[in-house]
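Okay, so here's the structure we're looking at.
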Amino acid sequence: QVHLVESGGGLVQAGGSLTLSCAASGSIFRVNTMAWYRQAPGNQRELVASIARDGTIKYSDSEEGRFIISRHNAKNEVYLQMNSLKPEDTFVYYCKARVTTTMWGDTDDYWGQGTQVTVSS
């Protein structure tokens, strides 16, 4: 079993910054790509940014330049630094990790429970 735990969400004023963290733990052989998604009530989750184990990064077009994704492979952690926040950045943010759990290559996607980010105007 693999668990992802997010932290760092909260209430911030427009123009402020927050850094989200996500730690993976459990039966981990290797953590592959890690990513941040966000979701508004009634909507589908949308990708914010992803980072491969080798450091290859992809951002959604709307967030590149304001958000910075990074990871610490030895700690199995991923981070999302969010700058110049806007009220429209208010979402529940979810961490996802593609995790290989055995040396034979068993791999699956795991999600965190989500952390609320609210940006006030």
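The values are calculated or read from the model by the stated rules, or taken from the named source; none is laboratory data. In this text, all values refer to a predicted model and were calculated from it rather than measured experimentally. Backbone-built Cβ (ideal geometry, glycine too); neighbour counts: all protein chains shown. Accessible surface areas use protein heavy atoms only, side chains included; no ligands, DNA or RNA. Shrake-Rupley method; radii C 1.70, N 1.55, O 1.52, S 1.80 Å.
Structure values in brief
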{"read-out": "Residue under evaluation Trp36, criteria (1) touching a residue at least 12 places away in the same chain (Cβ under 8 Å); (2) over 17 Å from Gly8 (Cα atoms); (3) assigned to a strand (DSSP E or B), criterion not met", "value": "(2)"}
{"read-out": "Residues that are loosely packed, with under 12 Cβ neighbours inside 10 Å and part of a strand (DSSP E or B), drawn from segment 11-24", "value": "Gln13"}
{"read-out": "Of the criteria (1) crowded, with 16+ Cβ neighbours inside 10 Å; (2) farther than 18 Å from Val5 by Cβ, which one Tyr79 fails", "value": "(2)"}
{"read-out": "Selection from segment 99-121 of residues that are open to solvent by 40 Å² or more (accessible area, probe 1.4 Å) and over 30 Å from Ala14 (Cβ atoms)", "value": "Thr101, Met103, Trp104, Gly105, Asp106, Thr107, Asp108, Asp109, Tyr110"}
{"read-out": "Members of segment 36-60 found to be hydroxyl-bearing (Ser, Thr, Tyr) and either within 10 Å of Tyr93 (Cα to Cα) or loosely packed, with under 10 Cβ neighbours inside 10 Å (or both), listed by number", "value": "Tyr37, Thr56"}
{"read-out": "Residue within segment 76-86 that is farther than 19 Å from Gly8 by Cβ, among the polar types (S, T, N, Q) and modelled with pLDDT of 95 or more present", "value": "no"}
{"read-out": "Count of segment 82-98 residues which are in a helix (DSSP H, G or I) and surrounded by 20 or more Cβ atoms within 10 Å (Cβ to Cβ)", "value": "1"}
{"read-out": "Hits in segment 61-76 - residues which are assigned to a strand (DSSP E or B) and open to solvent by less than 70 Å² (accessible area, probe 1.4 Å)", "value": "Phe67, Ile69, Ser70, Arg71"}
{"read-out": "Val31 vs. criteria modelled with pLDDT of 95 or more and either in contact with a helix residue (DSSP H, G or I) (Cβ under 9 Å, 6 or more places away or on another chain) or assigned to a loop (DSSP other than H, G, I, E, B) (or both)", "value": "yes"}
{"read-out": "Test for Ala23: is it touching a residue at least 60 places away in the same chain (Cβ under 8 Å) and touching a helix residue (DSSP H, G or I) at 6+ places or on another chain (Cβ under 8 Å)", "value": "no"}
